[in-house]
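Heads up: the structure comes next, in structure tokens.
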Amino acid sequence: MGTAGFVASLHALLHARVWWWFRDAGGEEGSVNDNVRRYAIFITVANVMEAINWAVGMALPDDHAWRPWTFLVGIALNLRLPREFMPNDFHAACSKRGVLFILLLGFNLQSIVGVASPYFNYWDPTWDQYTFLFLACFLLFMIKLLYVDDTYSISPQDHALLYNRGAGLCFHMGHFALLLFTTVMGSGLNLLTHSFLAAAAALPSDAKNLVCGGFSAVVFSIEFIKSMHIRRVPTEPKHERMFFIAYFTQLVGVVGVVFITAKMCFTSEEDGGFLALLMRNEIEMLGVLVVFAVILIIMSWLDEAVELHLYSDASEASEYRVQPFGLWACFRHEEPLQLEAMALERDRAARLASRSPLLGSSVMSFSGSMYNSFANLMTDNAAAV
């Protein structure tokens, strides 16, 4: 609670400084400067209330009935409605969440090493100890590779945060679930490390089930986040079939891995069968999870491999990939939000061009290729009308 209150105070000071910068910037109601001031005031007030909430929670006794509610209030104060004051900066939103996920994986790795240190035989280590620590660390590394930042591979108008508010809400929920289940899997790896290296038979044998369940939920959360974006498939029938085959193969692989690891979570050694055979010992179970992660990473490259095979560059791909496909393609997209996002992105590219002509020209050319699919789609809709 003390750490959370300190971080909330830092966020309040940060957004108070933003308000101070824009207090005399002018601008009519609804302008960018006005939206920035309103947003800064809202975030500052919310973070101040959050800091007060954590301070009250620290002051309450450990057995107080209201103490658990402070966590619920703290979570509620961190909720943000998409595009409440201003369009989402999806580059910042995704990059900050990516950094937070990497930090969480790093903390899990540090915790595993910390748990293993008292029991690791530094003078005469065994191959089992080496293998176990390698597989545990390699599993976290594979999960990091599986979590891909789609900020630059997905066009802004196709991103979940900038398509409609329902997709943005699911995008935030998916990231919350990812962080939660990553913590659960890290806790299971800590118990597994202690039970293996310390040979503590007195510990409960649920550590393997916890790791398998956490891995299954992490994979599901990552794929759920990716499914929030709109994908563009070619209008040419042959190319379209190749993309659909790639997406269907990825879907089958993800569903299979999630189902098998979820079943492993509820399997005990007394049940017998193939799944129990995969969980005979800690090393074998971690090896199976690593193999599953490697398979998912290879399968996640299928659509990119098809695109590289069919098209020579991004501009050629944008000429064909104009048909929307995905969970949210059937819902109405918010055109004002997407147009504002495109304007902000072009303004960002113009600022980069003023600072560095070489960098700005590369960004402008990249941005132009990103928006071709949206422009073609709008043209097709206008012609159809």
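The values are calculated or read from the model by the stated rules, or taken from the named source; none is laboratory data. Worth saying up front: this structure is predicted, and the values here are computed from it rather than measured. Quick reminder, even Gly has a Cβ in these numbers, built from the backbone with ideal geometry, and neighbours come from all protein chains shown. Areas reflect the complete protein model, heavy atoms only, side chains present, ligands, DNA and RNA absent. Shrake-Rupley method; radii C 1.70, N 1.55, O 1.52, S 1.80 Å.
Scanning the range 104-122 for residues that are without any contact (Cβ under 8 Å) to a residue 24 or more places away in the chain, in a helix (DSSP H, G or I) and open to solvent by 40 Å² or more (accessible area, probe 1.4 Å) gives Q110, V113, G114. Looking at the range 299-317, can you tell me whether even one residue there is under 19 Å from S216 (Cβ atoms) and either at pLDDT 80 or above or more than 28 Å from the chain's Cα centre (by Cα) (or both)? Within the range 299-317, one or more residues are under 19 Å from S216 (Cβ atoms) and either at pLDDT 80 or above or more than 28 Å from the chain's Cα centre (by Cα) (or both). Restrict the check to the range 31-50 and report whether at least one residue is of a type in the set (D, E, K, R) and in a loop (DSSP other than H, G, I, E, B). No, because not a single residue in the range 31-50 is of a type in the set (D, E, K, R) and in a loop (DSSP other than H, G, I, E, B). For the range 19-44, filtering for residues that are loosely packed, with under 14 Cβ neighbours inside 10 Å and either touching a residue at least 40 places away in the same chain (Cβ under 8 Å) or under 25 Å from S9 (Cβ atoms) (or both) leaves 3. In this entry, F101 is excluded by the filter for residues that are open to solvent by 50 Å² or more (accessible area, probe 1.4 Å), modelled with pLDDT of 75 or more and in contact with a helix residue (DSSP H, G or I) (Cβ under 8 Å, 6 or more places away or on another chain). When restricted to residues that are assigned to a helix (DSSP H, G or I) and not β-branched (V, I, T), the range 51-77 contains 15. Of the residues making up the range 169-182, those that are touching a residue at least 40 places away in the same chain (Cβ under 8 Å) and either of a type in the set (A, V, I, L, M, F, W, C) or touching a Phe, Trp or Tyr at 6+ places or on another chain (Cβ under 9 Å) (or both) are L169, C170, F171, G174, H175, A177, L178, L179, F181, T182. Kindly check whether there is at least one residue in the range 226-241 that is modelled with pLDDT under 85, surrounded by 17 or more Cβ atoms within 10 Å (Cβ to Cβ) and under 24 Å from N108 (Cα atoms). Checked the range 226-241: at least one residue is modelled with pLDDT under 85, surrounded by 17 or more Cβ atoms within 10 Å (Cβ to Cβ) and under 24 Å from N108 (Cα atoms). S153 falls short on exactly one of the conditions (1) among the hydroxyl-bearing types (S, T, Y); (2) modelled with pLDDT under 70; (3) over 28 Å from the mean Cα position of the chain (by Cα), and that condition is (3). Among the residues of the range 274-286, those identified as under 15 Å from T261 (Cβ atoms) and open to solvent by 20 Å² or more (accessible area, probe 1.4 Å) are F274, L275, L277, L278, E284. Quick check on the range 194-217. Is at least one of its residues at pLDDT below 90, closer than 30 Å to V306 by Cα, open to solvent by 40 Å² or more (accessible area, probe 1.4 Å) and of a type in the set (D, E)? No, every residue in the range 194-217 fails to be at pLDDT below 90, closer than 30 Å to V306 by Cα, open to solvent by 40 Å² or more (accessible area, probe 1.4 Å) and of a type in the set (D, E). Candidates in the range 123-142 are the residues that are open to solvent by less than 90 Å² (accessible area, probe 1.4 Å) and among the aromatic types (F, W, Y); of these, the one that is farthest from M279 (Cα to Cα) is F138.
Of all residues in the range 16-68, those satisfying the criterion of being at pLDDT below 85 and hydroxyl-bearing (S, T, Y) are S31, Y39.
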